[in-house]
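What follows is a short report on a single structure.
The values are calculated or read from the model by the stated rules, or taken from the named source; none is laboratory data. All figures in this text were calculated on a predicted structure; none of them were measured in a lab. Backbone-built Cβ (ideal geometry, glycine too); neighbour counts: all protein chains shown.
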Amino acid sequence: MGIFDWLNGATKNGTAPQAAQTTAKPAKAAHANGGDVKLEYTSESITTAMLSQLASTPDPRFKQIMEAAVRHLHAFAREVNLTPGEWIKGIDFLTRTGQACSPSRQEVILLSDTLGLSTLINTMHDKTAMEEATHSSLLGPFFREDPPKFKAGEQISQKDASDEVVLYGTVTNAKGKPLPNAIVSVWQTATDGRYDMQQEGGGMDCRGEFTTDADGKYLIRTVRPLFYSIPMDGPVGEMITAQKRHGNRPAHIHFLISAAGHREMVTALYIADDPHIMDDVVFGAHGDLIAAIKNNQPGCPVPGVNSIKFNFALSAESAADKLSGRVGADPSKIGATAH
Ligand SMILES: [Fe+2]
């Protein structure tokens, strides 16, 4: 029985744990077996004691993050009156979440995404941009480094390109000036709704890297992406099932765009008529990232086809941007020393 069954069962059977003692008792005299040592933690003083041990942390940012993490973690445990049995179930869940990871699967990123934490961090990151730019979206658990390189207009779907969609537009700076030689990396599901990492064999498909031309324009041939369920056969899927969430993502196409002197852009385009735009299980679809597939658009470099036109605007890069990193990574590069 998984943690969520267990928690549900405990509630249904009326065996929910009793509220823990939250009011600190007056400190007792040292126990007879404890000699003269007078030390007793209360549910509040343990937090103060833990924070005092962090005082020796030399790195100020690491210290700030750990102090806040401890304060909030302790407050969480107090708020829900967490019992030993519940916490060991939580430890079991976190352990299995880590164990579900492999060079081709990242269950911890999936947990971050489904808890809304990835989108929270991206939203805060967008606010620190030097200039207003196209918004971020999730890198997600299916990004891979070193995708195949393509020339403008080439098709990235190797196996089935029957439902072709052309992507085109311009990469500009925040003022609308085109950016030549920007690197536009793109990845998405195949026509069956699965990423290459979820397919037998594990070769790369439906992903690739393009370069903008002298006018900042990009031109990509791909296929219509499908909405899909996040992987539901692991501990995160178990959590989603216990919460009666559907686990679906609206159809989308991921982009990673970089240009010298500009903040790297991690984003995605969401297909406008998808039924899961409003209830994306990982909260990626929003605002200016929703794009329509239109047939025979005027100005499309390939006439008579289904296409999406989308212009991306990149902010100038700050010194902090060089260090900020991404929410997500190629799964094979996370915890690589353990593989
Ligand atoms: Fe995705």
*Taking the residues in the stretch 163-203 that are assigned to a loop (DSSP other than H, G, I, E, B) and farther than 27 Å from residue 104 by Cα as candidates, determine which candidate is nearest to the ligand (Cβ to nearest atom).*
182
*Give 62, 76 a once-over and let me know the one that is under 25 Å from residue 333 (Cα atoms) and surrounded by fewer than 13 Cβ atoms within 10 Å (Cβ to Cβ).*
62
*asked:* Being more than 16 Å from the chain's Cα centre (by Cα), under 23 Å from residue 216 (Cβ atoms) and either within 16 Å of the ligand (Cβ to nearest atom) or part of a loop (DSSP other than H, G, I, E, B) (or both) is true for just one of 302, 266. Which residue is that?
replied: 302
*Determine whether residue 191 is among the β-branched types (Val, Ile, Thr) and touching a Gly at 6+ places or on another chain (Cβ under 9 Å).*
no
_Criterion violated by residue 298 - all others in (1) modelled with pLDDT of 95 or more; (2) on the phi < 0 side of the Ramachandran plot satisfied_ = (1)
*Just give me the residues in the stretch 121-139 being farther than 24 Å from residue 334 by Cβ and in a helix (DSSP H, G or I), in sequence order.*
127
*Residues that are surrounded by fewer than 16 Cβ atoms within 10 Å (Cβ to Cβ) and closer than 11 Å to residue 216 by Cα, drawn from the stretch 145-191*: 176, 177, 180, 181
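Taking the conditions exactly as written (outside any loop (DSSP other than H, G, I, E, B), surrounded by 18 or more Cβ atoms within 10 Å (Cβ to Cβ) and under 21 Å from the mean Cα position of the chain (by Cα)), does residue 284 satisfy them or not?
no
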*Inside the stretch 29-105, counting only helices (runs of 4 or more DSSP H) that do not spill past its ends, which hold 3 or more residues that are within 30 Å of residue 195 (Cα to Cα)?*
84-99
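So, in the stretch 286-331, how many residues would count as being among the aliphatic types (A, V, I, L, M) and in contact with a His (Cβ under 9 Å, 6 or more places away or on another chain)?
4
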*Consider residue 134 carefully, then state whether it is touching a helix residue (DSSP H, G or I) at 6+ places or on another chain (Cβ under 8 Å), among the β-branched types (Val, Ile, Thr) and either closer than 24 Å to residue 299 by Cα or surrounded by fewer than 22 Cβ atoms within 10 Å (Cβ to Cβ) (or both).*
yes
*Yes or no: residue 250 out of contact with any helix residue (DSSP H, G or I) (no Cβ under 7 Å at 6 or more places or on another chain), closer than 30 Å to residue 152 by Cα, of a type outside the set (S, T, N, Q) and not assigned by TED's automatic domain parsing to the domain that holds residue 131?*
no
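Quick grid of which residues meet (1) farther than 21 Å from residue 103 by Cα; (2) at pLDDT 95 or above; (3) under 18 Å from the mean Cα position of the chain (by Cα):
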residue	(1), (2), (3)
180	yes, yes, no
183	yes, yes, no
200	no, no, no
208	no, yes, no
214	yes, yes, no
222	yes, yes, no
230	no, no, yes
235	no, yes, yes
*Which of the following residues is outside the structural domain of residue 225 (by TED's automatic domain parsing), of a type in the set (Val, Ile, Thr), over 25 Å from residue 308 (Cβ atoms) and within 16 Å of the ligand (Cβ to nearest atom): 109, 91?*
109
